[in-house]
Structures are given as structure tokens and as C-alpha cells.
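One structure is given below, encoded as C-alpha cells.
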Amino acid sequence: MMSGLLDRDAVKLELDKVLERVRALCNNPVSVEMIEALEPETDLELLEEEYQKNREASRVFSLDGEVPVLRFGEIRGALKHVEVGGILDPEDFRELHGVLQIQEETRRFLGELDDCPHFLSWLEELEDLEELSSQIGETVDEDGRILDRASRKLGDIRRSRTTLSGRIKSKMDALVNGEAGSKFLQDRLVTIRGDRYVVPLRAEYKGRIPGIIHDQSASGATLYVEPDFAVEMNNQIRQLALDEEEEIRKILKELTRQVGIRLGMIRRSLEALGRMDLVMARERYSREIGGTVPELNEHGVVELRQARHPLLTGHVVANDIVVGEEYRTVIITGPNTGGKTITLKTLGLLALMARVGLNLPCVVGSRMAVFSRVFADIGDEQSIEQSLSTYSSHMTNIIRILRESDSRSLVLLDELGAGTDPSEGAALAVSLLEQFHSRGLITVATTHYGELKAFAYNHDGVNNASVEFDNDSLAPTYRLLMGTPGLSNALTIAGKLGLDEQVIRRAKEYISGEELQISGMIQDLESKRKEAGIMKNQADELQREVIRLREELSLREREVEEKGRDALEKAYREAQEVMTQAQREAERIIGELRTGLEEGHRDRGLELSNRSREKLREQKSRLQDGGEQFARPRSVPKNLMPGETVLVRSLGQKGSVLAPPDNKGEVSVQVGIMKITVPLEDLKREQKVQAKQERARYVSMGAEKGRDIRPELDLRGMTAQEALERLDKYLDDALLAGLDQVRIIHGKGTGALRKAVQDSLREHARIKSFREGESGEGGSGVSVAVLKG
């Protein structure tokens with residue numbers, strides 16, 4: 001029994017089922033034995049190492065090429081037989097050879113891996129047994145038969161036996177097919193009795209074929225006779241068979257001796273193959289359930305995003321389960337069959353899966369605490385194993401939990417206080433929750449008692465949650481709503497099913513006004529939550545549209561840059577061509593001058609000189625014309641004012657000036673949803689009427705942004721690169737919307753994402769200042785940034 005689990009605990013039974021599935025995904029008896037001996041771990045460092053192996057396994061499975069399948073049978077018994085001096089038989093060697101072949105294939109595969117230190121450490125443990133593998137392969141075939149080439153003597157014996165058998169068979173065939181065979185034999189065939197060739201002689205012709213009788217048929221009508229001429233040859237064949245057996249024994253003895261020399265190496269290799277296969281089995285299971293590596297902690301913090309119960313099939317509703325950071329106690333309320341118990345089982349099962357190094361079925365970035373003990377009192381009809389669910393049974397379990405739990409324990413309580421008088425049960429439930437909460441335990445409890453809904457509002461560190469119910473379809477949605485208490489919906493369901501309205505009104509009269517008021521508040525909260533959800537979906541859709549437009553604009557910008565680059569390259573090639581022609585012409589003219597002067601024709605030289613100057617002037621003029629073509633002067637707009645509409649020449653897009661040119665001659669311009677800084681000479685002033693219209697349009701856009709943009713951005717679950725791209729776009733939108741302050745949620749985790757976000761905020765030109773969140777704002781998992789106006 002696992003530590004901290006009750007004997008009849010449904011969570012333990014479900015973990016057993018999960019491990020049974022992982023066991024089925026193992027490929028050899030060594031890894032299977034490791035699964036069967038697995039014990040939940042509580043050492044954070046060891047668990048982090050196991051999850052690092054899972055990450056490496058994921059990378060290995062993503063590589064091109066086939067991953068070795070470490071499937072082999074049980075050979076440890078054979079190795080034990082060698083250890084005590086026994087000789088292995090051919091079947092043992094066949095199994096061992098299969099293992100050694102898998103080992104060599106695995107060594108080659110691991111030798112090509114990079115950035116997988118644990119897998120590479122297994123490579124060091126896989127001993128070089130290629131020589132032994134080759135010896136076995138030269139001795140035993142795939143069917144476990146000793147090969148003729150196992151030794152020269154064995155080959156000679158088998159060839160002699162084959163030759164002799166052929167000779168005796170030939171003589172026997174002559175007998176069978178001759179006159180005696182047709183007259184005296186029951187059938188014209190040669191058969192074997194006791195490893196000796198014989199013929200079937202009719203009993204009435206006994207003695208007609210001289211020889212030794214070895215057997216007779218059941219009816220006595222046939223005698224199996226070894227003719228005299230075959231006796232000596234059969235004796236020789238028998239002797240060769242004995243010689244073959246002796247030679248095979250010697251071969252197997254020597255081969256067994258070679259195995260004995262390497263016994264320790266083989267066992268170490270088996271151990272490494274088993275550990276590697278176990279990690280790969282965990283990865284195969286992770287892929288089955290859509291698992292991810294959680295961020296582990298020892299502070300009781302659980303933040304499971306889109307968590308799913310791994311044993312449920314069909315359409316499984318994923319839920320966020322959060323406890324341990326701001327709230328160490330969560331009380332789940334809501335109707336029966338709505339998913340409360342499944343939520344408890346999911347949390348408990350995933351906590352135990354983390355302790356055995358299994359990936360969890362939730363999205364990237366989820367966090368899971370390493371609990372020292374996991375206690376669960378789940379004993380209703382939804383339990384996997386039927387058991388008592390009476391008040392006394394629950395109390396016995398809860399008393400044990402109070403006695404054995406510590407501050408690092410996880411406590412799961414289903415229908416706390418049930419099974420007795422409602423008023424006393426509710427009072428006891430409140431008292432127990434106070435006890436668990438004061439001791440610092442992470443506690444999640446389900447209940448129907450209305451008094452426990454108010455408990456969360458009256459105690460710090462306690463949160464309400466509920467399972468959603470669709471009043472229209474009268475069916476649960478199985479969605480967990482953190483922060484919202486639930487209703488039993490009994491009267492609503494009764495009315496929908498057709499119960500008389502007068503009966504329902506009368507029932508409401510028996511409910512206290514305070515309870516009715518609380519129910520009304522909860523319904524109002526639920527209605528507003530749904531409205532907020534719809535608004536969030538609309539905002540997300542607008543956000544996706546903004547991203548699409550931004551990407552489209554970025555693409556157009558790259559296309560313009562590409563075209564500009566092509567034009568410059570073309571201009572450069574043309575200029576080079578002009579320069580080359582000018583150089584050639586100059587060299588030709590200089591050559592003519594030199595020739596004229598050498599020949600003493602001064603007048604001719606002067607004439608050539610004048611002509612050369614004229615041609616050089618023509619070339620210079622062509623170069624100047626070409627240069628003017630490549631560097632066409634642009635009119636630079638003067639006295640640009642904020643709000644004016646300009647054309648950004650390099651983009652071919654119009655924008656609105658946000659600020660006058662700075663001392664570097666650069667201007668800040670709003671182009672669509674982007675703010676960019678461009679040189680003054682890259683701008684062209686548009687008509688003022690258009691500028692006013694454009695300014696009005698951007699004022700309107702800013703107002704719309706102000707309505708759509710949220711004052712916080714959640715980056716959890718993203719890589720640093722993804723988060724920084726999302727942050728840059730969000731800050732542009734927030735500035736356009738006129739927000740003064742924004743809240744960036746990056747989580748705590750390893751701190752890498754937080755550092756990347758804060759470094760980006762520190763360098764951003766439009767961020768005035770930023771700080772870490774306070775205790776009520778999310779602490780170090782949040783950065784609050786103040787934007788410049």
C-alpha cells in the first residue's frame with residue numbers, strides 16, 4: 001500500500017490502473033519489474049531528474065528515423081544458471097543473442113544523439129559485447145539450432161553422416177523397389193525406428209529378408225526389419241550422432257564460458273536497457289494522454305491548466321484546478337453527477353502520477369506540488385471500488401487523516417459531513433475545515449452544505465468553486481468554475497420538469513430569506529460570468545484579427561524592402577558596367593597616346609590627346625547621368641506637426657505624425673495599428689484635409705481600442721520568444737488605447753520567463769517604470785508596468 005493512501009482509496013486504485021497501462025507499454029521483463037517495484041518519490045531533486053529524462057525521451061521520439069524497440073524475453077534465469085556452473089542450451093543462446101543485437105542497435109542509435117545527457121549515460125553503461133554476439137551468431141541460428149560452422153569437427157561429422165545416410169538410403173531404396181520389395185513388403189517405403197533405417201515386412205514373410213526386427217505394427221501384420229546389409233552402416237550413423245552430440249556439448253560449454261566471463265557486463269547492460277525502456281514507456285503513455293512535464297515545487301502550489309482525467313474515455317471536459325498559492329483550501333459545491341468527485345480524483349491521481357515521474361494530462365506550464373502524503377476520503381457510489389460510505393466510516397478515515405497528515409499533505413474529502421443530521425454535519429464540516437486550514441494542509445472538499453459556501457468568504461486563503469449546470473438542458477457541463485460557489489438547482493430542475501409552480505413557490509417560503517438572497521447573488525454572479533466569457537471570446541477574436549493584420553502589414557513591409565533591395569542591386573550592376581566601360585576606354589586611349597609618342601608623331605599625339613580628353617568627358621557625363629538616376633533627389637517635408645497625414649515612401653503606406661522630428665531627423669508615425677520611427681526624408685506630406693480625416697480616424701480607433709483592450713496579459717505556458725512577441729504587440733495596443741498601467745502575468749516557474757519579460761520592459765522606450773506585483777496582485781508571478789503618456 002502506498003504511503004498516505006487509505007486501503008479502499010479510489011485514487012490509489014486509479015493510479016494502479018495507470019501504472020498497469022504503462023506496464024503494458026514496456027517491452028521487456030526488466031522494465032516491467034521496475035514498474036512493479038515503483039514507489040512514489042517525494043525528493044524534488046530526484047523527481048526533477050526523472051522529468052528531465054521524460055523531456056529527453058520526447059526529443060528522441062521526435063527525431064527522424066526509427067527508435068529502437070527494446071523488446072526481449074527473460075534471460076536472467078539463464079544468467080543465474082551460468083553463475084552456478086550450468087551450461088546454456090541453444091534456446092538460451094538464441095534469446096541472449098537477440099538481447100545483444102538489440103543492445104548493439106541501441107548503442108549505435110545513442111551514439112548519434114545530442115543534448116540528451118541521460119540517454120548518453122546509458123550508452124556508457126551498455127557494454128561492448130559485439131564479439132560475444134558475433135560468436136553466438138556464428139554458432140546458433142534464429143531457430144535455436146547449432147550451425148554446421150560452429151566448429152570444423154562438427155561440420156565434418158555432419159557431412160559424414162549425410163553421406164552415409166545417402167548410401168544406406170540408396171541401398172534400401174533398391175531393396176524396396178526390387179522384386180523382393182514388391183513381393184514381401186507391406187509398403188514400398190523406407191522408414192526409421194529407433195534412429196535406424198528399416199523396411200515394413202509382411203509378417204507372413206518373416207525371415208525372407210535377413211535382418212533385425214526392431215518393431216511391429218499394432219495389428220502384428222507388419223514387421224519393421226533392418227536388413228543385414230544396413231546394420232553396419234546404421235551403427236556408423238549412430239556413432240556419428242553420438243559424436244555430434246559430444247561436439248555440440250563442447251561447443252555450448254565453451255560458449256557458456258565466454259558468457260560467464262562477461263556476466264557482469266551483460267547484467268549491467270540489461271539494467272540500462274530496462275531503465276531506458278521504462279522512460280520510453282512513460283513517453284509512449286504521455287503521448288496517449290496528451291501529457292506534459294509539470295513545473296514541480298515543494299510549496300503546495302497546484303496550478304493545473306486544462307487538466308483531464310487520464311482514465312476517462314470519449315469527450316473529456318478539461319478543467320483548470322488551482323490551489324495552494326493564494327488559497328490553500330478549496331470548497332467545491334454544485335449538483336450531484338456534476339463532476340465534483342471526478343475533480344477530486346483528477347487532482348489526487350495527477351498528484352500521485354507526478355510522484356512516480358509520469359507526465360500529466362494538462363497543458364504546458366502547469367504546476368504541481370510534490371506532496372509528502374496524499375489522503376483521500378472518497379467513498380460514495382462513484383468510487384471505483386464499492387465500500388462503506390456511512391458517517392462512521394467517513395469519520396474513521398478523517399480521524400486517521402488528522403492524526404497522520406502534515407503541512408506537506410494533500411487532503412481530498414468528498415461530501416464532507418454527509419451521512420448524519422444536516423445541521424450537525426454542516427457544523428462538523430466547518431470545524432474540520434478550520435482544523436485542516438489552520439494546520440496549513442492543502443485541502444479540497446466537496447459538499448452540498450450552504451454553510452460551507454459562506455466559509456470561504458469569512459476565512460482568508462479559502463476559495464469557493466463549483467461545477468457548472470445548464471439550466472436550459474437540465475444537464476451538467478462538467479466544467480469547474482474557480483471562485484464561484486454552486487447551487488443545488490433542485491427547485492429549478494423541478495420547475496423545468498413540470499412541477500406545479502404553486503408547489504415551488506411554497507417550497508421557497510420554507511427557505512430562509514438569507515439563503516434565497518445568497519442563491520440570487522450566486523445566480524447573478526453566474527450570469528455575469530457567462531457575459532464576461534462571451535466578451536472575452538469577442539476580445540480574443542479581435543485580438544486574433546489584429547495579429548492577422550499586423551502579420552499582413554509585416555509581410556507587405558518585407559516585400560517592399562525586397563523590391564527596394566532588387567532595385568539597388570540592379571542600379572549597382574549598371575553603375576559597375578559603366579565604370580568598367582570607362583576604364584577600358586581610358587586604357588585604350590592611353591595605349592594610342594603611348595604609341596603615337598613612341599613613333600615621334602607629336603602632332604598625332606596632340607590630336608589623340610585632345611580626342612581622348614573629349615571621350616573621357618563623355619564618359620564622365622554618362623556616369624553623372626547614371627548617378628543622378630540612382631540618387632534622385634527627394635523633397636523633405638518641413639515643419640511637420642502631430643496629426644498631419646504623411647506617406648511613408650519605403651512602405652507605400654499612409655500614416656499620422658505622432659510627434660515632430662527629433663534631433664536625429666527621425667519622426668514617430670502611426671501606420672495602422674503600428675507605431676514606427678522613420679527618417680524625415682522617407683516621408684511625403686499629404687493634403688491637410690486628408691490629415692484631419694486621418695487624425696479623426698485614429699482618434700476613433702484609439703477609442704475602440706480602449707473598449708477592447710484588457711489591462712492585463714497572461715503569458716504563462718509560452719516560450720520566451722513567443723511571450724516577447726506577444727508582449728510587444730500588446731504594449732502597442734495598450735498605448736494606442738491610452739492605458740496608463742498594465743499587468744503582465746508571467747508566473748514564477750524557473751524565473752526564465754519573468755527575467756525575459758522584465759528585461760524587455762526595462763528596454764522599452766514607452767515604459768515609464770515597472771515593478772513586481774504585490775501580494776494581492778500575484779506576487780513575483782506578475783509585473784506591473786506604467787506606460788508613458
(message) About the Cα centre, and with charges only on the beta carbon of Lys, Arg (+1) and Asp, Glu (-1), how big is the dipole of the stretch 410-493? Nearest 20 debye, please.
(response) 200
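Going highest first, how would you order 367-373, 717-723 by mean Cβ packing within 10 Å? Spell out each step's value before the answer.
Working: 367-373: 22.0, 717-723: 15.3.
Going by the mean number of other Cβ atoms within 10 Å, highest first, we get 367-373, 717-723.
Mind ordering 91-104, 36-49 by average Cβ neighbours within 10 Å, highest first?
Final packing ranking: 91-104, 36-49.
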(request) Within 10 Å, count the other beta carbons around each residue, average over each peptide in 295-301, 346-352, 210-216, and list them highest first. (result) 346-352, 295-301, 210-216
(message) Going by Cα centres, the stretch 272-329 and the stretch 75-94 are how many Å apart?
(response) 42
(message) Just the number please: accessible area per residue for the stretch 251-306, 1.4 Å probe, all protein chains included, in Å².
(response) 37
(request) Report in % the part of the accessible area of the stretch 182-281 that belongs to carbon and sulfur, leaving out ligands and nucleic acids; probe 1.4 Å. (result) 48
(message) Please list His81, His315, His764 from largest to smallest accessible area, probe radius 1.4 Å, with all protein chains kept in place.
(response) His315, His81, His764
(message) About the Cα centre, and with charges only on the beta carbon of Lys, Arg (+1) and Asp, Glu (-1), how big is the dipole of the stretch 199-296? Nearest 20 debye, please.
(response) 440
(request) Determine how many Å³ per residue the convex hull of the Cα atoms of the stretch 201-246 encloses. (result) 60
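Under a 1.4 angstrom probe, counting protein chains only, how are Lys80, Lys345 ranked by accessible area, largest first? Kindly include the intermediate steps, with their values, before the conclusion.
Values: Lys80 110, Lys345 5 Å².
Heavy-atom accessible area, descending, gives Lys80, Lys345.
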(request) List the relative contact order of the stretch 2-155 as a percent without decimals, with contacts defined as Cα pairs under 8 Å and 6+ residues apart. (result) 18
(request) Please give the net charge around Gln216, taking every other residue with its beta carbon less than 12 angstrom from that of Gln216, where Lys and Arg add +1 and Asp and Glu add -1. (result) +2
(request) May I ask you to give the solvent-accessible area per residue for the stretch 326-473, in square angstrom, as obtained with a 1.4 angstrom probe? (result) 35
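Let me check against my output: what whole-number percent is the relative contact order of the stretch 245-402, with C-alpha pairs under 8 Å and at least 6 apart? Let's see the in-between values first.
Numbers: 161 pairs, mean separation 42.9, N = 158.
Here the relative contact order equals 27 percent.
Can you give me the Rg/Rh ratio for the stretch 123-188, using Cα atoms for both radii and the Kirkwood formula for Rh? Please list the in-between numbers first.
Details: Rg = 22.1 Å, Rh = 15.8 Å.
Result for the stretch 123-188 is an Rg/Rh of 1.40.
The values are calculated or read from the model by the stated rules, or taken from the named source; none is laboratory data. Small disclaimer: the values here were computed from a predicted structure and weren't measured. All Cβ positions, even for glycine, are placed from backbone atoms using ideal geometry, and neighbour counts span all protein chains on display. Remember, those area values only see protein heavy atoms, side chains included, never the ligands or the DNA or RNA. Shrake-Rupley method; radii C 1.70, N 1.55, O 1.52, S 1.80 Å.
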